[in-house]
Structures are given as structure tokens and as C-alpha cells.
Amino acid sequence: MEIPKDVLKLLNEQFYNELHAAHIYFGMSAFFKRSPYVGFAKWMELQAKEEIEHAMKIYNFLCERDAPFATSEIAKPKKDVYDSPLDAFKTAYEHEKLVTSQITRIFELANERKDYATADLMNWFINEQVEEEHNTLQFVKALEFAGGDKNLLIGVDQWAGKRAE
Ligand SMILES: [Fe+2]
Ligand SMILES: [Fe+2]
């Protein structure tokens, strides 16, 4: 079955939404690399790579379904410099919530159009978003708890640096 046109449009957009997310995380990683927070820099870099994997998942799906592909510009992140680690993770958490709404929209439309293969792929993304929101929110909470205490902040940074993939 061909991917319905309106579903295809959203899937194509989502490929760029995932690259945009990668763009945001690379910016954050580069920002932290110039700070004492090596753990956050590593975490953000790994997250950027994960977002590229998400984009590739959609790209491969589109190719497998013989769908026409439209190239597009990747939006620039809102900022390159963050006030604090908390500011960066709050931005990340808010952005993950936005991505969840993008994915949900594709899932709903795919079901409506009886494009269950796309709905199934989006189901994977919905579960992934639960994890992504959870991970970023955990850092928001930990950083709020740490406040201005440098020892606690470095503790949270070390925790972030333990991320393996
Ligand atoms: Fe993603
Ligand atoms: Fe994400």
C-alpha cells in the first residue's frame, strides 16, 4: 500500500523534526564542552546521535515503502548559549514534549487512513518519547534540587556522564 499523501507529508516533516532535535542537542553539547560540565556535554552528544538514529528510522521506512522523499531546511535552534544546565535541560524537556505531540499527530492520522504500518512505526516512537521525556525531566528535577550548590551540580554532571549510549 502506498503511504497516504497527508501521512507522507507528516512523515517527511518528522525526518527533519528529528534532525532539528539533533541540531538542538549538538548545540547544547558544544555549549557544555566549553564549560566545566563534561558529563552534560557527553550526554547531549549521545542524545544528538540518538536523534539522528530516529531520523534514519523514518528515512529507512520511507525508502522501504518506495515513498517519494522531499528535502527540506533544518530549523535553527532558538539559542546557542544557555543560562545554566537547568535552562538547557528545561529547553530539552519542553522540546521532547513538542516532539511527542508531532508523533501523536502522525499516529492518529495513520490510523485514520488505515496506514497501519506507519501507525506501528509511530507506536515505537510513542514509547521512545515516554523515555525521552522521562530522562530530560529527571535532569530538570535533579538540577532544580541542586540549585546553586556547585558540589551537587557536579554530582548531577557526573551522573549524566555515566550515560553509556
Ligand atoms: Fe527523536
Ligand atoms: Fe528526542
The stretch 31-71 - residue that is of a type in the set (Ser, Thr, Tyr) and either in contact with a Gly (Cβ under 9 Å, 6 or more places away or on another chain) or over 17 Å from GLN102 (Cα atoms) (or both) and, of those, modelled with the lowest pLDDT: THR71
Of the residues in the stretch 10-39, those that are buried (at least 19 other Cβ atoms within 10 Å of the Cβ), farther than 14 Å from ILE58 by Cα and more than 16 Å from ligand 2 (Cβ to nearest atom) come to PHE31, PHE32, TYR37, GLY39
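Taking the residues in the stretch 80-96 that are in contact (Cβ under 8 Å) with a residue 12 or more places away in the chain and among the charged types (D, E, K, R) as candidates, determine which candidate is nearest to ligand 2 (Cβ to nearest atom).
So, considering only residues that are in contact (Cβ under 8 Å) with a residue 12 or more places away in the chain and among the charged types (D, E, K, R), the one nearest to ligand 2 (Cβ to nearest atom) is GLU96.
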Where residues in the stretch 111-137 are farther than 17 Å from THR100 by Cα and not small (Gly, Ala, Ser), which of them is surrounded by the fewest Cβ atoms within 10 Å (Cβ to Cβ)? LYS114
Within the stretch 80-106, tally of residues that are touching a Ser or Thr at 6+ places or on another chain (Cβ under 8 Å) and within 19 Å of LYS5 (Cβ to Cβ): 1
Could you say which residue among ALA110, ALA75 is more than 10 Å from the chain's Cα centre (by Cα), in contact (Cβ under 8 Å) with a residue 40 or more places away in the chain and within 16 Å of ligand 2 (Cβ to nearest atom)? ALA75
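The values are calculated or read from the model by the stated rules, or taken from the named source; none is laboratory data. In this text the structure is predicted, and so the values were computed from the model without any measurement. So basically every Cβ, Gly included, is an ideal-geometry build from the backbone, and we count neighbours across all protein chains shown.
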